[in-house]
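J.: Let me begin by handing over the structure; questions about it come next.
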Amino acid sequence: MVDFNNEATIGTPAGDVERISILQRRYDLIEAYESYKKARFQGANASLSISRARLISLFVELQASLERRFTSEVYKELREKIFSDSLEEPDFIEAVFTINRELDKMRLITIDTQKVYDSLDVEEENKIKGY
């Protein structure tokens, strides 16, 4: 979690602090879901409640960005799904995937940033690069 009492945090741009906070909340959500799945795989009657609470926290953190980026219908549907008292695992995981896709579009969780080079079609690669 972001340590706001740390002197280094004071000099850090707000956008960077917010990115770290979002990534931390996403990490916490994934950890909670992993714990839930471990218990289920072991045959325990586990609850999705901690994972759901962490999904809500992540949504609240991203609320303004998601509302701005999604159509009003998509945003409303996602919000209702996340805050539903009867959120089941399939809807839960679809909500997580929707948020992940948007975080990827924001380039916050994108790791595959290099273009794949096609060594079999050098001329096409040259055209793309403007040669």
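Matching residues to (1) without any contact (Cβ under 8 Å) to a residue 40 or more places away in the chain; (2) surrounded by 10 or more Cβ atoms within 10 Å (Cβ to Cβ); (3) in contact with a helix residue (DSSP H, G or I) (Cβ under 9 Å, 6 or more places away or on another chain); (4) more than 26 Å from Ala14 (Cβ to Cβ):
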| residue | (1), (2), (3), (4) |
| --- | --- |
| Glu61 | no, yes, yes, no |
| Glu67 | yes, yes, yes, no |
| Ser84 | yes, yes, yes, yes |
| Ala95 | no, yes, yes, yes |
| Leu103 | no, yes, yes, no |
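J.: Only residues that are outside any helix (DSSP H, G or I) and either at pLDDT below 95 or of a type outside the set (S, T, N, Q) (or both): list them for region 57-107, please. Explain how you work it out, then say what you get.
T.: Here is the first cut: in region 57-107, the ones outside any helix (DSSP H, G or I) are 70-71, 84-88, 106-107.
Selection gives Phe70, Asp85, Ser86, Leu87, Glu88, Met106, Arg107.
J.: Answer yes or no: is there a residue in region 111-131 that is closer than 22 Å to Arg25 by Cα and surrounded by 10 or more Cβ atoms within 10 Å (Cβ to Cβ).
T.: Taking every residue of region 111-131 in turn, none turns out to be closer than 22 Å to Arg25 by Cα and surrounded by 10 or more Cβ atoms within 10 Å (Cβ to Cβ).
J.: Which numbered condition trips up Ile82, out of (1) β-branched (Val, Ile, Thr); (2) in contact with a Leu (Cβ under 9 Å, 6 or more places away or on another chain); (3) closer than 14 Å to Ala32 by Cβ?
T.: So the condition that Ile82 fails would be (3).
J.: Between residues in region 35-52 that are among the polar types (S, T, N, Q) and residues that are not in a loop (DSSP other than H, G, I, E, B), which pairs lie under 7 Å by C-beta distance while being six or more apart or on different chains?
T.: Filtered contacts from region 35-52: Ser51/Leu29; Ser51/Ala32; Ser51/Tyr33; Ser51/Tyr36; Ser51/Phe92.
J.: Collect the residues in region 40-67 that are under 18 Å from the mean Cα position of the chain (by Cα) and basic (Lys, Arg), keeping them in residue-number order.
T.: Arg52, Arg54
J.: Further question on the same structure: Among the residues of region 117-127, are any of a type in the set (A, V, I, L, M, F, W, C) and in a loop (DSSP other than H, G, I, E, B)?
T.: We begin by selecting, within region 117-127, every residue of a type in the set (A, V, I, L, M, F, W, C); these are 120, 122.
Checking the rest, the ones that are also in a loop (DSSP other than H, G, I, E, B) come to 120.
Checked region 117-127: at least one residue is of a type in the set (A, V, I, L, M, F, W, C) and in a loop (DSSP other than H, G, I, E, B).
J.: Which one is nearest to Ile22 (Cα to Cα) among residues in region 34-52 that are among the hydrophobic types (A, V, I, L, M, F, W, C) and surrounded by 12 or more Cβ atoms within 10 Å (Cβ to Cβ)? Walk me through it before giving the result.
T.: Start the filter on region 34-52 by keeping residues that are among the hydrophobic types (A, V, I, L, M, F, W, C), which leaves 39, 41, 44, 46, 48, 50.
Narrowing the set further to residues that are surrounded by 12 or more Cβ atoms within 10 Å (Cβ to Cβ) leaves 39, 46, 48, 50.
On the way: Ala39: 26, Ala46: 26, Leu48: 21, Ile50: 17 Å.
Per the stated criteria, the residue is Ile50.
Residue by residue, here is whether (1) in contact with a helix residue (DSSP H, G or I) (Cβ under 8 Å, 6 or more places away or on another chain); (2) of a type outside the set (Val, Ile, Thr); (3) within 20 Å of Ile99 (Cα to Cα); (4) at pLDDT below 95 holds:
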residue	(1), (2), (3), (4)
Asp3	yes, yes, no, yes
Gly11	no, yes, no, yes
Gly15	no, yes, yes, yes
Arg26	yes, yes, yes, no
Leu29	yes, yes, yes, no
Ala39	no, yes, no, no
Ile50	yes, no, yes, no
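The values are calculated or read from the model by the stated rules, or taken from the named source; none is laboratory data. If you're wondering where the values come from, they're calculated on a predicted model, not measured in any experiment. With ideal geometry, Cβ positions are generated from the backbone for all residues, glycine too; neighbour counts draw on all protein chains shown.
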